[in-house]
Amino acid sequence: MKLICNFIKLIYLIFYSLYFHLKNIFLIFKNNIKKKSSREKIDFLNKNKNFWKNNPIAKKKIIITDFVHQIGFTLSECILGKYIQNIFNYEYQVIGLLDSHDLFGKKIFKSYSVNDFIEYPRINIINRIKYILTAFKILKKYKNVEEFLEFSYGEINIGKAVYDHILRNTGIASTNKINIKFYFFLSEALYCYQYFLKIFKTNNFDYMIMSEIQFLPSNIIFQLALSNNIKVVSRLTGPKKIGVRLYNTQHKKFETNIKISNELFNMVYESESEKYSEEGFDIINKVFKGEITHYDRNSIKLFKNKNQTNLDSFYKELDWERSKKVCTVFGHNLLDGNFNNEWRIFKDNLTWLRETLHFIKDSKQDINWLIKEHPSEYGKKKASTSTFEEFEKIIGHDVKNIKFFPNKFNSRILKDVTNFALTSFGSAGLEYPCFGIPSMVSGDCYYHGFGIPIEPNNSDEYFKNLGNLEKLIQDGLSIDRIKRAKVLFFILQDVIKMEHPLLFEFDISRDLNIDSFFREMTNLIDNYDLENDFFKINLKNQIVNKNRHLINEKKLKGK
């Protein structure tokens, strides 16, 4: 019976692969047609090519990757690669790594005087079937997803990369059953692994520029680069105000690129903690007032909209008494960032949400619970479920002390009603302690390990703390924890990021206006001032000294 089931799976996968390949051929053709040349684009490409130099005969090599296919990100990667080439006085040759069908990306690379390429061909149907058969042999060893997450070839973890990609591209958000998509995407991961294993073994690359280090094929390429002693330069946030993370070890391969070192935090905290604490608090207040753009672009609407901020109206809407303490549960994007961390208690964001909601429903504590969806969920239906749908299924609308945050109110109101912030590893776990509000996370995150949130190590500790929330709220936060949160917020906002003179606040979505984008990029080249390019100066200090992050020296005058 099992043999018959596997045979049916194989036949289905072959037909699905044929459909998938035909669909991709159509999409590639459609995208190349859409990206036709315009005067603005041609002007930029010509001017840009005269702006950058290259050294095609250099023996050392820098590789610039492009697998996101968002034009602004492609240019940002190219600029970083060319800066590093310049820092080393053109001792490096720059090589572009991109999908073989990405004709538009290749034109962009060439405008940066990059004329040598490694093209990643899409897996063909023969290789697909070959690696699907290999996937059958591998997956029969695993009973469930939890076990499969540990699947590795030596230092290269493939299980997490595949599961993360499945969640992102299928919308299922969570599963513990190895379904047919695991065979399909595992075959793609195996193909990618074998292809780039040869590339990195036969080429002498010193640096690789890669900012998107999640999903397929990026995560496999990223891990393979590190395993071959290639230093990875990763841009963080943006689009104009950016930072740079340098990865040079496998040890931190799943750590988010914005997480700073303890050494940097301690250096800043111990120098002028009062001053930097005040600066951090000033920044977070401006973020909540909508005066500064939140680093998560999806959160712009949270603080800049004109929705209600009246507290009386808020409590009346929920039919709550002000005297009762409130724990706000901050939901996550269910499809993104599931493994942008070194470890986590729950296997994905949806599992965390469901188990937390079930616990809350059964809790007898004298607390009001407020459930807040992630801003990236607003109006979107990519996932098979949502925070609101899970709330309806598990909690419903009849529980008086558990409510869903009404979107008619501005999110800035939350700092005035929340007494405890609960998140798996979202930004709220750092932001709310800045206002003296305790928080708890459920795994590694960019502010874990700095003495700020409550940090359980496993599910038992997590639920024990959750069951003791009344006391945790009563205990509050120490002055030291509050100060640490403010200082860290300052570092993340102003110390490890700075404005780049050749970038601007472009639209990071697929709706980017190409013509106006190229027009603005051309203007930046025309007005570029080499003598005042402080980004390049600080990047050189980072690369030469092998620092984890670029440091904006102007923000640390007392250093």
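The DSSP beta bridges internal to the chain are antiparallel in roughly 25% of cases.
Taking all protein chains together and rolling a 1.4 Å probe, D398 ends up with roughly 150 Å² accessible. Stretching the chain fully between I292 and K325 yields a gain of 9.0 nm (0.36 nm per residue, less the alpha carbon separation). Residues whose amide H comes within less than 5 Å of that of Y120, counting only those at least five positions distant or on another chain, are L98, D99, S100 (H built at 1.01 Å from N in the peptide plane). Taking all protein chains into account, the per residue accessible area for the stretch 385-448 stands at 27 Å² (1.4 Å probe).
With a cut-off of 20 Å on the backbone N, the residues of the stretch 349-363 near the modelled label site 7 Å out from K400 along Cα-Cβ are 360-363. In the context of the full set of protein chains, the stretch 30-151 has a per residue accessible area of 47 Å² (1.4 Å probe). Amide H contacts of I95: I62, I63, I64, each under 5 Å away and 5 or more positions distant or on a separate chain (H built 1.01 Å from N in the peptide plane; Pro and chain starts excluded). Among the DSSP helices (H) of the chain, those spanning at least 30 angstrom by Cα along their long axis with an average Kyte-Doolittle hydropathy of 0.5 or more are 2-34, 180-202; this is a geometric and hydropathy rule only. Neighbours of F535 by Cβ distance under 12 Å: Lys/Arg scored +1, Asp/Glu scored -1, total +3. Spin-label model, I118/E263: points 7 Å from Cα along the beta carbon direction are separated by 2.9 nm.
Largest to smallest in accessible area, the residues T170, T309 fall in the order T309, T170 (1.4 Å probe, all protein chains included).
One chain, two ends: L18 and N248. Fully extended at 0.36 nm per residue, the span grows by 78.9 nm beyond their Cα-Cα distance.
In a DSSP loop and with at most 16 other Cβ atoms within 10 Å, the GluC sites (Glu not before Pro) in the stretch 138-198 are E150, E155.
The calculated FRET efficiency for L10 paired with S152, based on their beta-carbon distance and R0 = 25 Å, is about 0.50.
Placing a pseudo-label 7 Å from each Cα along the Cα-to-Cβ vector at L556 and D460 gives an inter-label distance of 4.0 nm. Go ahead and run the numbers for FRET between H69 and L524, Cβ-Cβ distance against an R0 of 22 Å, rounding to 0.05. After rounding to 0.05, the efficiency reads 0.50. For the stretch 409-532, the mean projected area of the C-alpha convex hull, equal to one quarter of the hull surface, is 11.5 nm².
Computing FRET efficiency as 1/(1 + (r/R0)^6) for I479 and N229, where r is the C-beta to C-beta distance and R0 is 41 Å, gives about 0.40.
Residue ranges 2-12, 70-80, 280-290 sort as 70-80, 280-290, 2-12 when ordered by packing (mean number of other C-beta atoms within 10 Å per residue, highest first). A simple spin-label model places pseudo-atoms 7 Å from Cα toward Cβ; at E317 and E499 they are separated by 3.5 nm. The apolar share of the surface of the chain, taken as the fraction of accessible area on carbon and sulfur atoms (1.4 Å probe, ligands and nucleic acids excluded), comes to 50 percent. Once Cα extents along the principal axes in Å is calculated for the structure shown, the corresponding label among (1) 72, 71, 42; (2) 90, 62, 44; (3) 98, 53, 42 turns out to be (1).
Accessible surface area normalised per residue over the stretch 163-230 is 31 Å², counting heavy atoms of protein chains with a 1.4 Å rolling probe.
The values are calculated or read from the model by the stated rules, or taken from the named source; none is laboratory data. All of these numbers come straight from a predicted model, not from anything done at the bench. Virtual Cβ from ideal backbone geometry, glycine too; neighbours counted across all protein chains shown. Keep in mind that these areas ignore ligands, DNA and RNA; they rest on the heavy atoms of the full protein, side chains included. Shrake-Rupley method; radii C 1.70, N 1.55, O 1.52, S 1.80 Å.
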